[in-house]
Amino acid sequence: MTPIIRFENVSKTFKSNQALDQLSFEVPEGVIYGLVGRNGAGKTTTLRMMMRLLHPDQGKITVMGYDPHQMPLALRQQIGYSSDSMPLIPWLKAEHLLAENAVFYPGWDAPYVKDWAKKLELDLSKRVFALSRGDRQKLGFLMAIGHRPRLLILDEPAGGLDPVVRQQFLESLISFLNEN
């Protein structure tokens, strides 16, 4: 069985900082896989390479059997991605931002998104700039799962949240992962 993600001897350097050095791993489809490490260990760099936001200096990456930079659109539309540094359009209402995001995904499931917004206690009628950091994280999560992706990539999904909100959000995330 072909793994959904494969890194083979991947290296990446930024100026004089070696972010990744011969990184190799495989992720089988249907499993939850986490990258753990100190700040600056290369976790975000690894995820950004999966999402074709960065090129490796050397090595080979495959996601769903393709080099991320050569992946057909139909497959890219099967990936959900959320990052704590993802820019959101501040003047839009959350519901309008979700509607704009839905245009890019033929399989967007609006009732599913509304159900998750309720579970996460996210007020979709608020403008993005009026949302707390935690609520912006939740909105990014909804944008990532609204099309029921085959592959979900989350970069610091609870980063910067206070301990109570972090626990609630991570419990919701575990609930989501268990239902899929």
**Report entry** Residue check for G42: in contact (Cβ under 8 Å) with a residue 60 or more places away in the chain, touching a strand residue (DSSP E or B) at 6+ places or on another chain (Cβ under 7 Å) and within 28 Å of I174 (Cβ to Cβ)
**Finding:** no
**Report entry** Selected residue (criterion: least open to solvent (accessible area, probe 1.4 Å)) from residues of the range 29-62 that are touching a Ser or Thr at 6+ places or on another chain (Cβ under 8 Å) and of a type in the set (A, V, I, L, M, F, W, C)
**Finding:** L47
Report summary line: Going through (1) buried (at least 16 other Cβ atoms within 10 Å of the Cβ); (2) at pLDDT 90 or above; (3) touching a strand residue (DSSP E or B) at 6+ places or on another chain (Cβ under 9 Å) one by one, S83 fails only at (2)
Requested in this report: Could you tell me whether the range 128-146 includes any residue that is open to solvent by 70 Å² or more (accessible area, probe 1.4 Å), at positive phi and at pLDDT 85 or above?
Outcome: no
Query raised in the report: Filter the range 140-179 for residues that are without any contact (Cβ under 8 Å) to a residue 24 or more places away in the chain and of a type in the set (V, I, T); which is nearest to P106 (Cα to Cα)?
Result: I174
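Just name the residue that is most open to solvent (accessible area, probe 1.4 Å) out of those in the range 1-15 that are more than 20 Å from the chain's Cα centre (by Cα) and under 14 Å from M64 (Cβ atoms).
Taking the range 1-15 as the starting set, the residues that turn out to be more than 20 Å from the chain's Cα centre (by Cα) are 1-2, 8-15.
Pick out the ones that are also under 14 Å from M64 (Cβ atoms) and you get 1-2.
Details: M1: 198, T2: 94 Å².
If we take residues in the range 1-15 being more than 20 Å from the chain's Cα centre (by Cα) and under 14 Å from M64 (Cβ atoms), then M1 is most open to solvent (accessible area, probe 1.4 Å).
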**Report entry** Residue that is within 30 Å of G65 (Cβ to Cβ), aromatic (F, W, Y) and open to solvent by 30 Å² or more (accessible area, probe 1.4 Å), where the choices are F176, F104
**Finding:** F104
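If a residue must be surrounded by 17 or more Cβ atoms within 10 Å (Cβ to Cβ) and over 16 Å from the mean Cα position of the chain (by Cα), how many such residues does the range 152-167 contain?
2
The values are calculated or read from the model by the stated rules, or taken from the named source; none is laboratory data. A quick note: this is a predicted structure, and the numbers were derived from the prediction, not measured. So basically every Cβ, Gly included, is an ideal-geometry build from the backbone, and we count neighbours across all protein chains shown. The accessibility values were calculated without ligands, DNA or RNA, using every heavy atom of the protein model including side chains. Shrake-Rupley method; radii C 1.70, N 1.55, O 1.52, S 1.80 Å.
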